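The values are calculated or read from the model by the stated rules, or taken from the named source; none is laboratory data. Because the structure is a prediction, the values reported are computed rather than measured. A quick note on method: Cβ atoms are made from the backbone with ideal geometry, for glycine too, and the neighbour counts reach across all protein chains shown.
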Amino acid sequence: MVKVYNLWNVARTTAAVAAVAMLYTTSVSAQRPLPASADTAVKPSALPANALYVPHRVARGKSFTDFEGMLQQLSRADAVFLGEQHDDRGTHALQLAVLEGLARREVKVVLALEMFERDVQPVLDAYLAGTMPESAFLAQSRPWPNYGPDYRPMVEFAKSKGWPVIASNVPRNIASLVSRGGLTVLDTLGADRAAWVAAERRCAPGDTYAKKFTKTMEDMGGHGSAAMPPAMIGRFYEAQCVKDETMAESITRAFNAHPDALVVHVAGGFHVEQGLGTVERVVRRVKAGEVSRRVSAFPVVMFVPTADLDSAKAGADRHLGSYIVYPIK
């Protein structure tokens with residue numbers, strides 16, 4: 001049996017890192033649900049006509065701004081990265097509000113989601129095209145348990161607008177292989193499965209993102225969890241890196257496939273905060289000339305739930321992203 005590490009009694013940032021660790025554990029806290037297996041029933045939920053209003057504040061740099069002002073700036077971007085805590089309902093309502101705001105400004109959008117994996121893209125496409133009923137889509141796409149209330153509204157809104165939705169992530173069984181055997185296991189994949197993983201993978205253990213990941217995992221040992229061996233942390237990081245590289249490649253491909261669209265990518269906060277993870281890997285590909293159009297604006301919007309809006313300090317979290325949105329818990 002794989003040892004279960006208590007990843008949940010740690011700081012907010014660590015919650016996103018746990019998305020890696022949960023690939024190898026037998027159980028996790030309900031704070032971050034495991035993605036559903038193919039045979040798990042997920043029932044559709046009612047889609048609200050508009051995003052529910054959630055009390056919030058928006059910070060930009062050292063000062064506060066407003067949601068509409070943020071949307072105006074985001075509408076001029078090439079890609080927008082929405083960093084979330086997966087289990088916060090207010091965050092998801094405001095993410096839907098971002099999509100609605102971009103639609104009001106007549107922006108063409110491609111919605112990319114960490115929550116769907118590359119191998120289910122044909123199923124997702126069939127559902128969006130109206131050639132597959134939602135029941136079949138849900139049965140075959142491995143939606144997360146909170147898909148109905150949290151992610152379905154975004155997918156349905158994109159569908160109503162005729163926007164593409166990209167399943168951007170690496171299949172979790174492949175990430176799990178990396179977590180146990182390291183990057184070299186990817187060389188053993190057949191051609192079909194290898195196509196679901198980013199072709200280029202730069203996972204240097206000494207870069208800023210790797211050091212941040214390693215420190216976060218090491219800090220878990222100070223919160224009642226057993227200390228992880230360095231070799232295990234290294235493999236966990238490689239699995240995290242494969243996810244980021246694959247999501248970045250998916251976004252880069254979306255730039256080329258949809259040259260007049262803004263890509264909105266939804267992912268766990270750790271994948272995008274500080275412009276690291278997925279974001280820096282998109283930038284690397286752009287600089288390498290992998291995108292056929294000129295793209296240069298990649299704002300990061302971090303959603304940081306808070307119990308007291310008055311305690312939100314503009315500038316305190318400004319290092320996390322271009323905008324910090326504080327939804328009320």
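Is it the case that some residue within the range 146-157 is assigned to a loop (DSSP other than H, G, I, E, B), closer than 26 Å to His258 by Cα and either basic (Lys, Arg) or in contact with a Cys (Cβ under 6 Å, 6 or more places away or on another chain) (or both)?
Within the range 146-157, the subset assigned to a loop (DSSP other than H, G, I, E, B) is 146.
Then keep just the ones that are closer than 26 Å to His258 by Cα; that gives none.
No; the residues of the range 146-157 include none that is assigned to a loop (DSSP other than H, G, I, E, B), closer than 26 Å to His258 by Cα and either basic (Lys, Arg) or in contact with a Cys (Cβ under 6 Å, 6 or more places away or on another chain) (or both).
What tally of residues in the range 227-242 results from selecting those that are within 30 Å of Asp119 (Cα to Cα) and in contact (Cβ under 8 Å) with a residue 24 or more places away in the chain? Number satisfying all stated conditions: 9. Taken over the range 125-145, the criterion of being part of a loop (DSSP other than H, G, I, E, B) and among the charged types (D, E, K, R) is satisfied by Arg142 alone. Among all positions in the range 290-299, there is no residue which is modelled with pLDDT of 95 or more, in contact with a helix residue (DSSP H, G or I) (Cβ under 8 Å, 6 or more places away or on another chain) and in a strand (DSSP E or B). Of all residues in the range 289-320, those satisfying the criterion of being touching a residue at least 60 places away in the same chain (Cβ under 8 Å) and over 20 Å from Pro55 (Cβ atoms) are Val295, Ser296, Ala297, Phe298, Pro299, Val300, Gly315, Arg318, Leu320.
Residues in the range 180-226 that are among the charged types (D, E, K, R), outside any loop (DSSP other than H, G, I, E, B), over 15 Å from Arg118 (Cα atoms) and without any contact (Cβ under 8 Å) to a residue 12 or more places away in the chain: Asp187, Lys211, Lys215.
Here Arg172 passes the criteria (1) touching a residue at least 12 places away in the same chain (Cβ under 8 Å); (2) more than 21 Å from Phe236 (Cβ to Cβ); (3) not hydrophobic (A, V, I, L, M, F, W, C) except the one numbered (2). Given the criterion in contact with a strand residue (DSSP E or B) (Cβ under 7 Å, 6 or more places away or on another chain), surrounded by 24 or more Cβ atoms within 10 Å (Cβ to Cβ) and either modelled with pLDDT of 95 or more or in a loop (DSSP other than H, G, I, E, B) (or both), identify the matching residue among Val264, Val242. Going through Val264, Val242 in turn, just one is in contact with a strand residue (DSSP E or B) (Cβ under 7 Å, 6 or more places away or on another chain), surrounded by 24 or more Cβ atoms within 10 Å (Cβ to Cβ) and either modelled with pLDDT of 95 or more or in a loop (DSSP other than H, G, I, E, B) (or both): Val264.
Inclusion of Ala261 among residues that are under 21 Å from Arg172 (Cβ atoms), hydrophobic (A, V, I, L, M, F, W, C) and under 20 Å from the mean Cα position of the chain (by Cα) is not warranted.
If you check Gln240 against the conditions, is it touching a Gly at 6+ places or on another chain (Cβ under 9 Å) and closer than 19 Å to Ala167 by Cα?
yes
Output the residues belonging to the range 158-179 that are under 13 Å from Ala103 (Cα atoms) and in a helix (DSSP H, G or I).
Restricting attention to the range 158-179, the residues satisfying the condition of being under 13 Å from Ala103 (Cα atoms) are 158-163.
Answer for the range 158-179, where residues must be under 13 Å from Ala103 (Cα atoms) and in a helix (DSSP H, G or I): Ala158, Lys159, Ser160, Lys161.
How many residues are acidic (Asp, Glu), over 18 Å from Val282 (Cα atoms) and touching a strand residue (DSSP E or B) at 6+ places or on another chain (Cβ under 7 Å) if we restrict to the range 71-88? Of the residues in the range 71-88, 2 are acidic (Asp, Glu), over 18 Å from Val282 (Cα atoms) and touching a strand residue (DSSP E or B) at 6+ places or on another chain (Cβ under 7 Å).
Just to check your reading of the model, which residue among Glu134, Glu68, Glu84 is touching a residue at least 60 places away in the same chain (Cβ under 8 Å) and surrounded by fewer than 21 Cβ atoms within 10 Å (Cβ to Cβ)? Exactly one of Glu134, Glu68, Glu84 is touching a residue at least 60 places away in the same chain (Cβ under 8 Å) and surrounded by fewer than 21 Cβ atoms within 10 Å (Cβ to Cβ), namely Glu134.
On the stretch given as the range 165-179, residues that are closer than 14 Å to Arg118 by Cβ, in contact with a Leu (Cβ under 9 Å, 6 or more places away or on another chain) and not polar (S, T, N, Q) total 6. No other residue among Val165, Val197 is touching a helix residue (DSSP H, G or I) at 6+ places or on another chain (Cβ under 9 Å) and more than 19 Å from Gln240 (Cα to Cα) apart from Val165. From the list Arg285, Arg235, pick out the single residue that is in a helix (DSSP H, G or I), more than 26 Å from Ala77 (Cβ to Cβ) and more than 18 Å from the chain's Cα centre (by Cα). Criteria check complete, one pass: Arg235.
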